[in-house]
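Report on the following structure.
The values are calculated or read from the model by the stated rules, or taken from the named source; none is laboratory data. Computed from a predicted structure; not experimentally measured. Glycine gets a Cβ as well: all are built from the backbone with ideal geometry, and neighbour counts include every protein chain shown. The protein model used for the area step is the full one, side chains on, heavy atoms only, and it has no ligands, DNA or RNA in it. Shrake-Rupley method; radii C 1.70, N 1.55, O 1.52, S 1.80 Å.
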Protein chains: 2
Amino acid sequence: MKVGGVAYRSIWLEPDGRSVGIIDQTALPHGFVTLPLTDLAGMCHAIRTMQLRGAPLIGAAAAYGMALALASDASAANLERAASALLATRPTAVNLRWAVEALRRELAAIPEARRGAAAYARAEQIAEEDVATNRAIGRHGLPLIRAAFARKSNQGPVNILTHCNAGWLATVDWGTALAPVFAAQEAGLPVHVWVDETRPRNQGAFLTAWELNAAGVPHTVIADNAGGHLMRKGEVDLCFVGTDRTTARGDVANKIGTYLKALAAKDNGIPFYVCLPSPTIDWTIESPDSIPIEERAGTEVSHIAGLTADGAVVSVRLVPEGSPVANPAFDVTPARLVTGLVTERGVAEASREGLLALFPERSGAAA
Amino acid sequence: MKVGGVAYRSIWLEPDGRSVGIIDQTALPHGFVTLPLTDLAGMCHAIRTMQLRGAPLIGAAAAYGMALALASDASAANLERAASALLATRPTAVNLRWAVEALRRELAAIPEARRGAAAYARAEQIAEEDVATNRAIGRHGLPLIRAAFARKSNQGPVNILTHCNAGWLATVDWGTALAPVFAAQEAGLPVHVWVDETRPRNQGAFLTAWELNAAGVPHTVIADNAGGHLMRKGEVDLCFVGTDRTTARGDVANKIGTYLKALAAKDNGIPFYVCLPSPTIDWTIESPDSIPIEERAGTEVSHIAGLTADGAVVSVRLVPEGSPVANPAFDVTPARLVTGLVTERGVAEASREGLLALFPERSGAAA
């Protein structure tokens, strides 16, 4: 996607052929900063502090992290160290584990001398596949928006509610939940996006609003509390969200608060779609209670950074001293609340049968 | 309740017998500031800008506003002007209308020379009745907490989730939703309160946390998004919230986001109680769609004030320039999601029949 007329992805190989460039997402929306990462420690730091985030993107980032590690030491011992360090950064999104384990397995099988180059090639391939996958998610999601437009007797715009950021910044490019929105924009279908602020880290207000602004997509930022009211008032036609991990039976872990919006959508008969690339499916688990839910620092709730009238970015305390804070970063939306899973192969019913119909090669996987 | 060892109410008659003292709630939690209000304009400003807020409190404040107006001009024309000005301040809470109309009706019936004194006396009476009412709400809510404690086999604490601020700052004293919590504390029942931050104005983080801190009640501040997850995990035993207007059939308008928590409570089999003094019941309406929902300034979403590391309170911009914002301040929770209405006369089923059983004198009211 373009930023100030220049095409960007959220992660790229720098011209030196070794370091990895990223957009520092903690500086958005008030500043646009790119960072070159030169080693594994830098990549682990970037993932942990959410300089880059989004399940698909941290999958690609972890692959590049493996490459950065092997560029300096391609030994089997370092391969294991790098994999462990990356796996310890963030627990909920499964894409990271998927990418790390793929590279660990594949690289261990080839001679040490070729591991570095192979790691970069594989990271590049994962990034390219993510872009193609998201384009396909956009193509499969577009008819859902078109159908909503038809239900409105072609009186637009189609009002789409989204939570957190599942736009191009959460992936290598195009996004998951926003891919159908960008596809609708390309197709000339009128859309308007309700952007949940998404406390505590405000990825909606900080990232999704910034993306939609840059792309010229009409949108309105709302407090997370407002979505239910808007649904009751008939002001939401569709919900599209992303996911960090989807169970084999279609339960969806996503940014904290997603479950509340799914309940409201169900209560008001509004379709609730989850958009995901297949590496986000954890075929090894059935029960949503098996998904580890990351508990992040309380300072993400007690403090927030914003722009002062003087143009400085300042962190301010919101919660009084002496009041404890809890900060679970994800919740689970049960499959029964999900209208459909929009994948690169099409729209699946949120069930074991629905997923296996699209991914029959998984039908032998452990139940 | 006590602040720094000194007993306070949220509104009081100053020693001059004419001006009205309030706690400036927009300065909390980082500063404790009291303001003397000397005229109607000051009171209207205080209500509109939420220097004082909470349905029961703005009822009492409106009564004092009438008194302030009549102290300088007790004419029938000024009585009407004062009533109109106060009614225009905030549309959703019905207590304000109830108090203004009571004073307008009663004062119009007495000689002009006695109206000023009568207005102060009536305002004082409304304030005193609110305190007694909230004490009674606390008494009727306490057995619900006791029952939850028993369900936990007397293994405490009872985890209570609340939204916004329905504590003593939202009333003249004691609060509505927090009255049972304070009663439990007095009774030695172990409680812990999950405090929804309550975007966009953060009345949970700013006011409820401050109140509970001051009262020594164990609590934890969470993002509004977190409540559903905590309920799914079994970490919420009860929900207690307030309301700004309740229909004659038990639907409840309250701070935006209440509906989402009620849905989650229902989905997880958790009792969801709404605590209210009877002046919050609007016996004239049946349909929740008849409740006017206040749309407040977008700057409440796009900006927030907090404390810098230097100890200054600074407003910062959160939403990027160019992104529009919407800010509906209330939503409606349908009666079907409400376990019970805790009033000064006891706990009513959230239905026309349930309310009339406690308030039989209303059975002749318009349907």
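Things worth noting here:
- All positions within the range B:31-81 that are crowded, with 20+ Cβ neighbours inside 10 Å and closer than 19 Å to residue B:211 by Cα: B:51, B:52, B:53, B:54, B:55, B:56, B:57, B:58
- Options A:187, A:253; residue that is more than 9 Å from every other protein chain (Cβ to nearest Cβ), touching a residue at least 60 places away in the same chain (Cβ under 8 Å) and either out of contact with any Leu (no Cβ under 7 Å at 6 or more places or on another chain) or open to solvent by 10 Å² or more (accessible area, probe 1.4 Å) (or both): A:253
- Among the residues of the range A:341-351, at least one is surrounded by fewer than 21 Cβ atoms within 10 Å (Cβ to Cβ), among the β-branched types (Val, Ile, Thr) and part of a strand (DSSP E or B).
- Only a single item in (1) more than 9 Å from every other protein chain (Cβ to nearest Cβ); (2) in contact (Cβ under 8 Å) with a residue 60 or more places away in the chain; (3) surrounded by fewer than 21 Cβ atoms within 10 Å (Cβ to Cβ) is not met by residue B:285, and it is number (2).
- Residue list for the range B:256-272, filter: more than 10 Å from chain A (Cβ to nearest Cβ) and either among the aromatic types (Phe, Trp, Tyr) or more than 17 Å from residue B:237 (Cα to Cα) (or both): B:272
Conditions tested, residue by residue: (1) more than 24 Å from residue A:56 (Cα to Cα); (2) crowded, with 24+ Cβ neighbours inside 10 Å; (3) touching a residue at least 12 places away in the same chain (Cβ under 8 Å); (4) over 14 Å from the mean Cα position of the chain (by Cα).
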position: A:204; (1), (2), (3), (4): no, yes, yes, no
position: A:207; (1), (2), (3), (4): no, yes, yes, no
position: A:214; (1), (2), (3), (4): no, no, yes, yes
position: A:225; (1), (2), (3), (4): yes, yes, no, yes
position: A:244; (1), (2), (3), (4): no, yes, yes, no
position: A:248; (1), (2), (3), (4): no, no, yes, yes
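- For the range B:232-242, filtered to residues that are within 13 Å of another protein chain (Cβ to nearest Cβ) and over 20 Å from the mean Cα position of the chain (by Cα), the residue that is most open to solvent (accessible area, probe 1.4 Å) is B:233.
- Residue A:142 vs. criteria outside any loop (DSSP other than H, G, I, E, B), out of contact with any Ser or Thr (no Cβ under 7 Å at 6 or more places or on another chain) and within 14 Å of chain B (Cβ to nearest Cβ): no
- Positions within the range B:294-322 being small (Gly, Ala, Ser) and either surrounded by fewer than 21 Cβ atoms within 10 Å (Cβ to Cβ) or more than 21 Å from residue A:205 (Cβ to Cβ) (or both), in sequence order: B:297, B:298, B:305, B:309, B:311, B:312, B:315, B:322
- Residue match in the range A:107-125 (condition: surrounded by fewer than 17 Cβ atoms within 10 Å (Cβ to Cβ), farther than 19 Å from residue A:13 by Cβ and not aliphatic (A, V, I, L, M)): yes
- Identity of the residue in the range A:41-85, in a loop (DSSP other than H, G, I, E, B) and touching a residue at least 12 places away in the same chain (Cβ under 8 Å), that ends up nearest to residue A:279 (Cα to Cα): A:54
- Per-region count, the range A:296-331, residues touching a residue at least 60 places away in the same chain (Cβ under 8 Å), facing another protein chain (nearest Cβ under 7 Å) and part of a strand (DSSP E or B): 5
- For the range A:213-231, taking the residues that are at the interface with chain B (Cβ under 7 Å from one of its Cβ atoms) and of a type outside the set (S, T, N, Q), the one that is nearest to residue B:291 (Cα to Cα) is identified as A:229.
- Checking residue B:290 against (1) open to solvent by 20 Å² or more (accessible area, probe 1.4 Å); (2) under 18 Å from the mean Cα position of the chain (by Cα), the condition it does not meet: (2)
- Any hit, the range A:137-156, residues being under 23 Å from the mean Cα position of the chain (by Cα), among the basic types (Lys, Arg) and open to solvent by 10 Å² or more (accessible area, probe 1.4 Å): yes
- Filter result for the condition that a residue is over 21 Å from residue A:265 (Cβ atoms) and more than 13 Å from chain B (Cβ to nearest Cβ), over A:210, A:168: A:168
- Criterion violated by residue A:284 - all others in (1) within 23 Å of residue A:59 (Cβ to Cβ); (2) of a type in the set (Val, Ile, Thr); (3) within 20 Å of the chain's Cα centre (by Cα) satisfied: (3)
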